[in-house]
Amino acid sequence: MAGLVPNARSRRIEESATLAITAKAAKLKAAGRDVVSLGAGEPDFVTPAPIAASGIRAIEQGNTRYTAAPGVPELRAAGAKWLNTTFGLGYAADEVMVCAGAKGALHMALDAIVEPGQKVLILAPYWVSYPALVTMADGVPVIVPAAIDRGFIHDAATIDAAAKQHKAAGIIVNYPNNPSGAVPSRADVQALVDVAKANDLWLLSDEIYATLLYDGATHVSPAALPGGRERTIVVNGFTKSHTLTGWRTSFLAGPRPVIDAACRIQSQVLGNPCTISQAATLTACELPLPDEQTRRMSAFEERRRYLVTEINKIPGMRLTAPRGAFYALVDVREIGRKKGLDDVQICERLLDEHLLAAVPGSAFAIPGFLRLSYAAAMDLLQKAVARLRAFAESK
Ligand SMILES: Cc1ncc(COP(=O)(O)O)c(C=O)c1O
C-alpha cells in the first residue's frame, strides 16, 4: 500500500477560512508580533457565572454520565419553552433536540434531510461551513449571489428563479446574517416562506444570532409565519449571546419525523451532547440574566457605532451599519480597484504588513468585501481602524 488516502468526499472539504486566518494570526502572535485578530466570531466576554456554576455543580454532583441521545428531557422541554416564548414558535419538547453547537445541529439536520445529489440553495454571503456541510451530506450546494443593492436581503423572484433553475430541494438561510449583519423584515421572511412553499423547498434556518439585534430590529423566524412551520428546521442556542462557544450545545427544532431522524443519527455519531454542558444550558434557558444581556448589547452597540463612523472616514472603504450579530462587512471594492488588489490580497497585506487579521469576503462568496468581528474590546478596534487607515494610505 502506498499510504492511506482520504476519500474523494473528504478531499472536497476545505479547511474553514475563518479558522485558517485565526490560526495564522495566532502563529504571528506566538512569535511575539502585536497582531490584532478580528477573524473569529467569538465574544470576548466570559460565560456568565451562574451558567458556568451549573456546569461545575454537574461535575461535583456526579452528573457526568451518558444522557439520552437528543439531550435530557428537562432541557428539551426548556429549549422548546425558550424558543416558543422568545420567538413566537410552537414546539413541543419532542420537536426539539439538543446538539453539539449550531454546527452540530446543522450537520444533523442536513444528514437527516438531504437525499444524495439534491441541490441545496445557499444565499450569499453565507457562513463558511454551509457548503461543506451540504457536501458531507451528499448534497450539492448551489450559491445564490449576494443581493448587495438590497442590503443583502434577496428578493423572492431571485430565490424563485434559482429554485426553479436548479430544481432545488431546500434552502439554508441565516438571519441575523454572518457576515453581513442583515436582518429581514417580517414581509421579507414571509416572501421567503411563500417561495419555499411554491417550490416545495425545505428551509434550514440558522438563527444563532437571533437575540443580537440593533436599531430596534426584530428577529422573525420563518417557522413563526403562516406556511413556515411545516417546512422549516430551526437552529438556535446560546453560543454567541452567552459565550457558550466552548460548551458545544444548541437546539435543533422542527417537524417530528426530521427531528426523530436527526436523533437517530446523533445517537450513532455523537452519543449525546456533553452532559455537563447540558446542565449549564438548562440554566441559560431558565435564567434570563437581563443585566448581563444589557451590558453585552451596549458594549456591542458602542463598538458597532465606532466602526461605522470611523471606517466610513477611510477613503475607499464603506461600511453599512449591520442590524444584527457582531460583524462589520466592509466594502473594499473601491480601494481594491485603486490599488489593484482583490479582497484576498488586501487581507494578506493587512495581516503581513499591518498585523490586522480580517477575513476576505471571498470566503463568504462576497468578493470585494472583508469581514471584521467586533466581538473584541474597543482598544483592539481602535488599533484595527488605525491599521486599516495605514493600509489605505500606504503605497
Ligand atoms: C451563522 C453561524 N452558524 C453557526 C455557527 C456555529 O456555531 P456553534 O459554535 O454553536 O457551532 C456560527 C459560528 O461562527 C455561525 O456564525
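Every number here is computed from the coordinates shown, using simple stated rules; none is lab data. In this text, all values refer to a predicted model and were calculated from it rather than measured experimentally. Cβ atoms come from the backbone with ideal geometry, glycine included; neighbour counts cover every protein chain shown.
Only one of (1) under 25 Å from A299 (Cα atoms); (2) under 26 Å from the mean Cα position of the chain (by Cα); (3) acidic (D, E) fails for E15. Which number is that?
(1)
Test A156 against the stated conditions and say whether it is at negative phi, crowded, with 18+ Cβ neighbours inside 10 Å, of a type outside the set (K, R) and away from the ligand (no atom under 14 Å from the Cβ).
no
Determine which member of the set A328, A284 is within 16 Å of the ligand (Cβ to nearest atom) and assigned to a strand (DSSP E or B).
That would be A328, the only listed residue that is within 16 Å of the ligand (Cβ to nearest atom) and assigned to a strand (DSSP E or B).
When you scan the stretch 66-82, how many residues do you find that are under 21 Å from the mean Cα position of the chain (by Cα) and either within 16 Å of the ligand (Cβ to nearest atom) or in a loop (DSSP other than H, G, I, E, B) (or both)?
2
Could you list all residues from the stretch 137-152 that are part of a strand (DSSP E or B) and in contact (Cβ under 8 Å) with a residue 40 or more places away in the chain?
I143
Could you please find all residues in the stretch 113-153 being touching a Pro at 6+ places or on another chain (Cβ under 8 Å), hydroxyl-bearing (S, T, Y) and either within 16 Å of the ligand (Cβ to nearest atom) or under 20 Å from P360 (Cα atoms) (or both)?
Residue satisfying the conditions is Y130 alone.
Suppose we keep only residues that are buried (at least 23 other Cβ atoms within 10 Å of the Cβ) and within 21 Å of the chain's Cα centre (by Cα) within the stretch 325-342. Which one would you say is farthest from S394 (Cα to Cα)?
It comes out as A325.
From the list T239, T249, T245, T218, exactly one residue is of a type outside the set (F, W, Y), surrounded by fewer than 22 Cβ atoms within 10 Å (Cβ to Cβ) and within 16 Å of the ligand (Cβ to nearest atom). Which is it?
Going through T239, T249, T245, T218 in turn, just one is of a type outside the set (F, W, Y), surrounded by fewer than 22 Cβ atoms within 10 Å (Cβ to Cβ) and within 16 Å of the ligand (Cβ to nearest atom): T245.
When you go through V269, V308, V258 one by one, which is the residue that is among the hydrophobic types (A, V, I, L, M, F, W, C), over 28 Å from V46 (Cβ atoms) and away from the ligand (no atom under 16 Å from the Cβ)?
Criteria check complete, one pass: V258.
Matching residues to (1) assigned to a helix (DSSP H, G or I); (2) of a type in the set (A, V, I, L, M, F, W, C); (3) under 30 Å from G368 (Cβ atoms):
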{"position": "T64", "(1), (2), (3)": "no, no, no"}
{"position": "N84", "(1), (2), (3)": "yes, no, no"}
{"position": "G90", "(1), (2), (3)": "no, no, no"}
{"position": "K103", "(1), (2), (3)": "yes, no, yes"}
{"position": "A109", "(1), (2), (3)": "yes, yes, no"}
{"position": "L121", "(1), (2), (3)": "no, yes, yes"}
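Select from the stretch 200-215 the residues that are crowded, with 20+ Cβ neighbours inside 10 Å and under 19 Å from Q118 (Cβ atoms) and write down the one among them that is farthest from the ligand (Cβ to nearest atom).
For the stretch 200-215, the residue satisfying everything is L201.
Please go through the stretch 368-391 and give me each residue that is of a type in the set (G, A, S) and farther than 20 Å from S241 by Cβ, ordered by number.
The answer is G368, A384, A386, A390.
Within the stretch 3-17, take every residue that is touching a residue at least 12 places away in the same chain (Cβ under 8 Å) and of a type in the set (A, V, I, L, M) and give me the one that is surrounded by the fewest Cβ atoms within 10 Å (Cβ to Cβ).
In this case the residue turns out to be I13.
Please find, among E42, E15, the residue that is in contact with a Ser or Thr (Cβ under 8 Å, 6 or more places away or on another chain) and either assigned to a loop (DSSP other than H, G, I, E, B) or within 16 Å of the ligand (Cβ to nearest atom) (or both).
E42 is the lone residue from the list that is in contact with a Ser or Thr (Cβ under 8 Å, 6 or more places away or on another chain) and either assigned to a loop (DSSP other than H, G, I, E, B) or within 16 Å of the ligand (Cβ to nearest atom) (or both).
Which one of A26, A20 is within 16 Å of the ligand (Cβ to nearest atom), within 24 Å of the chain's Cα centre (by Cα) and without any contact (Cβ under 8 Å) to a residue 24 or more places away in the chain?
A20
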